[in-house]
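Single-structure report; data block below.
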Amino acid sequence: MKGVVFTGNRTVAVREFETPEPQHGEALIRVLATGICGSDLHVYRGDRDMNQIGGHEPAGEVVALGPGIVNLEVGDRVSVHHHQGCGVCDMCARGETVRCRHGHQCYGVSRPGSFAEYMTAGEANCIPLPEQVSIDDGVFMACVGTTAYSALRRIEARAHESLAVFGLGPVGLSAVLIAKAMGLRVVGTDIAPERLELGLACGADAVVNAAEEDVTERAVEFAQVPGVDWIDGVDCIIETSGSTAARECMIPSIARYGRIAIVGVGQDDKVINPTQIHGKACTIVGSVVFPLGWSWDFARFLATSGMSFAPAITHRFGLDDADEALRTADEGRCGKVMFVG
């Protein structure tokens with residue numbers, strides 16, 4: 001089978017591999033689609049030859065089963081959660097496999113990933129897709145979509161509240177789509193005109209070009225409701241960009257008693273002033289990926305809400321075009337870039 005390998009310094013190679021055999025408790029999955037994630041780009045930009053298949057956002061069809069499978073059947077469509085823990089520590093018991101006490105394995109980093117025609121995955125990581133949920137949506141479920149859903153859940157975002165999404169890459173666009181399906185009013189910010197257009201296409205009520213406009217001023221203005229004179233900022237913020245400039249805008253833009261989720265991985269500058277937090281009495285949470293069990297909740301949300309991630313997808317490539325696919329995603333002026341089988 002074909003697989004894509006990161007070879008260092010923004011280079012990739014398409015190589016031939018043996019089709020894996022599912023071991024005890026594993027399924028063999030024909031990868032129908034898989035996304036390129038921002039964390040894949042961190043590896044892509046590095047100088048290491050990973051010498052293994054990358055990728056961790058797959059959705060596909062179960063084609064074979066190893067021994068010990070309980071619920072899966074051949075022919076099932078599944079999304080694959082990308083972190084596998086030890087299964088016995090307290091973090092794994094909570095579904096927080098990314099925080100496994102004994103070190104998690106991530107598809108595409110510490111074990112062969114999804115940039116391939118086939119992959120194996122543990123049954124616990126395979127989330128069955130309801131018939132209403134497409135394979136493309138299953139790709140978003142595997143990482144960026146459920147990451148955005150979890151951030152909204154952690155800050156208890158509610159219908160009719162105002163939300164600012166800082167950064168309109170794939171996670172930010174996912175947050176816009178989900179928040180609109182939940183009934184929130186949403187303003188998105190970015191510095192790339194292409195991504196501002198995508199934000200509007202995904203349903204944002206307004207967008208702000210952070211390179212040209214005052215983000216805080218615009219966010220506070222957006223939050224206003226006719227006839228209500230006490231609103232001093234947006235109710236919720238999801239920060240996905242990881243940039244210092246965006247993070248400096250968070251507390252000035254949030255309403256008193258508002259809630260902020262920091263999702264983006266980026267610069268380490270110290271930009272949060274505890275006095276500002278105290279003055280706003282706001283809540284700030286770090287939101288890292290999502291518990292495994294929330295994938296099942298999100299699958300039900302997608303099935304019942306009828307929402308789709310289709311507006312956030314801008315490019316589809318075959319595995320043979322991996323170099324162009326990774327280069328496109330790395331430029332940061334697109335929505336979701338996917339490999340399709």
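The values are calculated or read from the model by the stated rules, or taken from the named source; none is laboratory data. All values derive from a computational prediction rather than experimental measurement. So basically every Cβ, Gly included, is an ideal-geometry build from the backbone, and we count neighbours across all protein chains shown.
Things worth noting here:
- Filter result for the condition that a residue is among the β-branched types (Val, Ile, Thr), more than 18 Å from HIS81 (Cβ to Cβ) and buried (at least 24 other Cβ atoms within 10 Å of the Cβ), over THR146, THR189: THR189
- Checking each residue in the stretch 286-341 for being small (Gly, Ala, Ser) and either more than 26 Å from SER150 (Cα to Cα) or in a loop (DSSP other than H, G, I, E, B) (or both) picks out SER287, GLY306, SER308, GLY318, ALA322, ALA325, GLY332, GLY335, GLY341.
This table checks each residue for (1) assigned by TED's automatic domain parsing to the domain that holds ILE53; (2) buried (at least 18 other Cβ atoms within 10 Å of the Cβ); (3) at pLDDT below 95.
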{"site": "ALA261", "(1), (2), (3)": "no, yes, no"}
{"site": "ASN273", "(1), (2), (3)": "no, no, yes"}
{"site": "ALA303", "(1), (2), (3)": "yes, no, no"}
{"site": "THR314", "(1), (2), (3)": "yes, yes, no"}
{"site": "ASP320", "(1), (2), (3)": "yes, no, no"}
{"site": "LEU326", "(1), (2), (3)": "yes, yes, no"}
{"site": "GLY335", "(1), (2), (3)": "yes, yes, no"}
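- The residues of the stretch 107-123 that are modelled with pLDDT of 90 or more, touching an Asp or Glu at 6+ places or on another chain (Cβ under 8 Å) and not in a strand (DSSP E or B), listed by number, are SER114, GLU123.
- Neighbours by Cβ (under 9 Å, 6+ apart or cross-chain): first from the stretch 69-84, more than 16 Å from ASP137 (Cβ to Cβ); second of a type in the set (D, E, K, R) and assigned to a strand (DSSP E or B): ILE69/GLU26; VAL74/GLU61; GLY75/GLU61; GLN84/ARG111
- Strands (runs of 3 or more DSSP E) lying entirely in the stretch 1-106 (those with 2 or more residues that are among the small types (Gly, Ala, Ser) and surrounded by fewer than 15 Cβ atoms within 10 Å (Cβ to Cβ)): none
- Checking each residue in the stretch 212-261 for being hydroxyl-bearing (Ser, Thr, Tyr) and assigned to a helix (DSSP H, G or I) picks out THR216, THR244, SER253.
- Checking ASP235 against (1) of a type outside the set (S, T, N, Q); (2) buried (at least 18 other Cβ atoms within 10 Å of the Cβ); (3) more than 18 Å from SER287 (Cα to Cα), the condition it does not meet: (3)
- When GLU197 is tested against (1) at pLDDT 95 or above; (2) touching a helix residue (DSSP H, G or I) at 6+ places or on another chain (Cβ under 9 Å); (3) surrounded by fewer than 19 Cβ atoms within 10 Å (Cβ to Cβ), just one condition goes unmet, and that condition is (2).
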